[in-house]
Amino acid sequence: NAGVTQTPKFRVLKTGQSMTLLCAQDMNHEYMYWYRQDPGMGLRLIHYSVGEGTTAKGEVPDGYNVSRLKKQNFLLGLESAAPSQTSVYFCASSYRAGIAGGITDTQYFGPGTRLTVL
Amino acid sequence: QKEVEQDPGPLSVPEGAIVSLNCTYSNSAFQYFMWYRQYSRKGPELLMYTYSSGNKEDGRFTAQVDKSSKYISLFIRDSQPSDSATYLCAMSADSGGSNYKLTFGKGTLLTVNP
């Protein structure tokens, strides 16, 4: 059971290049999330998905696109990378969203992808 | 004013010390409060959560919520070098469903020295 994995771990892009970050989870979770983490800014939600075939915008969606064609995978795309997108990107998944029956539903995070845009 | 404020530290304490980590918030709709721990170059992991006001204890960790003051705390007793990490508070107004979103603090970097 690998949990949440992210590919690649590191990447350096030039301004204007495109790339796709892959997130995979083997826990049969319905919900998946993409966050970015920047110094002094904390974790911010980019996009999320409540199930296969669905996506929704988070707090900072501009410049990113996502797809959830398979339940276990959540892809984050940068069509034309900008230096402002230099960040550490975390994917997370949860069985459901939030708290039910007094039990919080844990978001499990991947190890992150460090992206630098020159 | 940001929705969630957290002192980024860094905080350095000797082994065995009691550590107090805090967050303040402005959104009175927040009612679910969490603490995540993030080791260097790793993803965050859920440490504790509480609902509404009150205390919750789990081993050496105690989470407190004071909704009247919009203030939450995480106490670590008998701190260990293995507690060295960044601690992030997170909050939500909703209990679940597609409206469920976490708002994170910036994180406090804690170092426990042997």
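Sorted into 5 angstrom bins from 0, the C-alpha pair distances of the protein assembly as shown split as 1, 7, 14, 18, 19, 17, 12, 8, 3, 1, 0 percent.
Annotation: aspartates and glutamates with alpha-carbon distance below 16 angstrom to A:Lys71 (same-chain offsets under eight excluded): A:Asp26, A:Glu30, A:Glu52.
What is the gain in length, in nm to one decimal, between B:Lys67 and B:Asn27 on full extension, counting 0.36 nm per residue of separation less the C-alpha to C-alpha distance?
13.4 nm
In terms of overall dimensions, the C-alpha atoms belonging to region B:1-109 reach 39, 29, 26 Å along their principal axes, ordered largest to smallest. Relative contact order for chain B: 36 percent, from Cα pairs under 8 Å spaced at least 6 residues apart, divided by residue count.
Please identify which residues in region A:11-26 have an amide N closer than 16 Å to a label point set 7 Å out from the Cα of A:Glu79, following the Cα→Cβ vector. Residues passing the 16 Å test: A:16-21. Less than 16 Å from a label point 7 Å out along the Cα-to-Cβ axis of A:Met27: which backbone N atoms in region A:40-76 qualify, by residue? Only A:49-51, A:71-74 fall inside the zone, counting backbone N under 16 Å. For the options A:Ser49, A:Ser93, A:Ser80, a Gaussian network treatment of chain A with springs between C-alpha atoms closer than 10 Å singles out A:Ser80 as fluctuating the most.
As a proxy for reagent exposure, ranking B:Ser73, B:Ser40 by other Cβ atoms within 10 Å from fewest up yields B:Ser40, B:Ser73.
Across the alpha-carbon set of chain A, the Rg to Rh ratio works out to 0.97, Rh being the Kirkwood radius.
Pairs with C-alpha atoms separated by more than 21 Å, drawn from the list A:Lys9/B:Lys101; B:Lys2/B:Lys106; B:Lys2/B:Lys70, are A:Lys9/B:Lys101. Below 8 Å, C-alpha to C-alpha, sequence gap of six or more: please give me the relative contact order for chain A in percent. Normalised by residue count, the contact order of chain A is 35 percent.
No value in this document is a laboratory result; all are computed from the given coordinates. Source: prediction; values computed, not measured. No Cβ is skipped: glycine too gets one built from the backbone with ideal geometry, and neighbour counts run over all protein chains shown.
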